[in-house]
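Novice: Okay, handing you the structure first.
The values are calculated or read from the model by the stated rules, or taken from the named source; none is laboratory data. Everything numeric in this text was worked out from a predicted model, so none of it was measured. Note that each Cβ is placed from the backbone with ideal geometry, even for glycine, and that neighbours are counted across all protein chains shown. Surface areas here come from the heavy atoms of the whole protein model, side chains and all, with no ligands, DNA or RNA. Shrake-Rupley method; radii C 1.70, N 1.55, O 1.52, S 1.80 Å.
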Amino acid sequence: MLRTCRKCPTISCANWETSRRVGTRDALLVHCFNVRDVGGLSESMREQAAPLLEKQKNVLEQQGLNVATKMVAGLPHIDLNRIADEENCSLIAIGSHGRSTAGDYLLRGILGGVAAAVIQSATKPVLLLRLEPTGEGDSARCAPTTCNLREHVLFPTDFSDNADQAFAYVEKLATSGAKRITLLHVQDQTRIEKHLTERLDEFNRIDQGRLERLRTRVQEIADVSVNIRIPYGRPAEEILKIAGELEPDGEIVMGSQGRGFWAQVFLGSVSEKVASRAPTPVLLVPAPR
């Protein structure tokens, strides 16, 4: 399922041929009018949005996808997730508004309210695609961007159950022709430096073994270059640093929750920071609820 924007007459990610190659057959284009914003104007806005939605449909059909469209009035973060569940969609693709590297910001402020709210309550994987807004006011548009989801896949893992679920998508990308995969585990400096620094070498050996086993799993099913990295530092910062090396083509695949009770309720803090600031598309895989 793709969430559309009435101000964006072009598909936000131009290379949907890549999506077709990784198994995508059907796409549902959804435009949700926020009832809090449009009130009784939803019908007239439907008429305005219909030609743009049809144009986006044609673009995807030219890529060989079977495409349906839907326009609804409601609350986007609720209705988009509801539709994805009802239609048994495999993934929600949604645009996010740029990124910031100056300090930590609330996810809602960086991604935009809809994207942030959707991923907070999503039960389906969410692919965040970077949009670069141009213009202001009525002339504002989102410039089309390109992405290649198979060029370089970065998989950060904390070895949680949710991370293992996300790894299944890495394996799918590998069998679909991914060229490079980087398996990444960050030794969390904030947890280690006070009392466990002398055990860092031990932790590195253990986690190297874990990542080696993941590499073996991938290379048993696909002929792909797999790199392992175990930096020491703050997880989100290290992931973002390495993600910068993926530009312009690459993708981050990660679980949307980490360890612990609260991680099963809210988007994990590491996932939040990566999603809001990564320079590449991010595929967030939620834990079962």
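Novice: What is the sum of charges, Lys and Arg at +1 and Asp and Glu at -1, for the other residues whose Cβ falls under 10 Å from the Cβ of L214?
Specialist: Every neighbour counted, the sum reads +1.
Novice: Just to confirm, what accessible area per residue do you get for region 162-206 at 1.4 Å probe, in whole Å²?
Specialist: 55 Å²
Novice: Please get the size of the charge dipole for region 160-260, origin at its Cα centre, with Cβ charges of +1 on Lys and Arg and -1 on Asp and Glu, quoted in debye to the nearest 20.
Specialist: With Lys and Arg at +1 and Asp and Glu at -1, about 140 debye.
Novice: If you add up the charges near G233, with Lys and Arg at +1 and Asp and Glu at -1, over every other residue whose beta carbon is less than 11 angstrom from its beta carbon, what do you get?
Specialist: -2
Novice: Then there is this: Amide H neighbours of F33 under 5 Å, counting only residues 5+ apart in sequence or on other chains, H built in-plane at 1.01 Å?
Specialist: V72, A73, G74
Novice: Quick query: amide H of T182 versus all other amide H atoms, modeled in the peptide plane; which residues come in under 5 Å with a sequence gap of 5 or more or a different chain?
Specialist: Correct list: V153, L154, F155, N227.
Novice: Any idea how far the Cα center of region 158-232 sits from the one of region 55-96, in Å?
Specialist: Rounded to whole Å, the Cα centres lie 32 Å apart.
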